[in-house]
Amino acid sequence: MKNLRKSLLLLTAALLFSVADSSAQLVVRLRPNRPGARVVVRGARPSPRHVWVDEEWTPGSRTYVYHKGYWAKPPRPGAVWVAGRWEHRPRGYVWIAGHWN
């Protein structure tokens, strides 16, 4: 009975790790270009607490969708915005989303 429990626990752990690691990311062969002009115009800062959040890309059906930059308030005092970036992988490029640190 103990061996069966251990085997089931080990199988469950392996299954959970394989599912957690298989997070499907959209891989594209060529990085998409930002639509329109390459000049990004930042409006006036709404308040001293606001920080600029640079462009973001979200996965679409077959490629990424561009979202222009914007001013945002940090979720907590002292939080810093870490900009997203394109990462080259063996099969193409993947967008690593920006986040608050």
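The values are calculated or read from the model by the stated rules, or taken from the named source; none is laboratory data. Nothing here was measured: the structure is a model prediction, and the numbers come from that model. Reconstructed Cβ throughout: ideal geometry from the backbone, glycine too, with neighbour counts over all protein chains shown.
Among the residues of segment 85-101, those identified as under 26 Å from Arg49 (Cβ atoms) and in a loop (DSSP other than H, G, I, E, B) are Ala97, Gly98, Asn101. Check whether at least one residue in segment 32-40 is out of contact with any Phe, Trp or Tyr (no Cβ under 6 Å at 6 or more places or on another chain), at pLDDT below 85, of a type in the set (S, T, N, Q) and in a loop (DSSP other than H, G, I, E, B), and report yes or no. Yes, segment 32-40 has at least one match. Could you check segment 52-84 and list, in sequence order, the residues that are part of a strand (DSSP E or B) and either modelled with pLDDT of 95 or more or farther than 15 Å from Val27 by Cβ (or both)? Result: Trp52, Val53, Glu56, Val65, Tyr66, His67, Tyr70, Trp71, Ala72, Trp81, Val82. The residue pairs whose first member lies in segment 45-72 and is farther than 13 Å from Trp86 by Cα, whose second member is exposed (fewer than 13 other Cβ atoms within 10 Å of the Cβ) and polar (S, T, N, Q), and whose beta carbons are closer than 6 Å, counting only pairs six or more residues apart or on different chains, are Val65/Thr58.
Of all residues in segment 29-86, those satisfying the criterion of being within 22 Å of His99 (Cβ to Cβ), under 18 Å from the mean Cα position of the chain (by Cα) and loosely packed, with under 11 Cβ neighbours inside 10 Å are Pro75, Val80.
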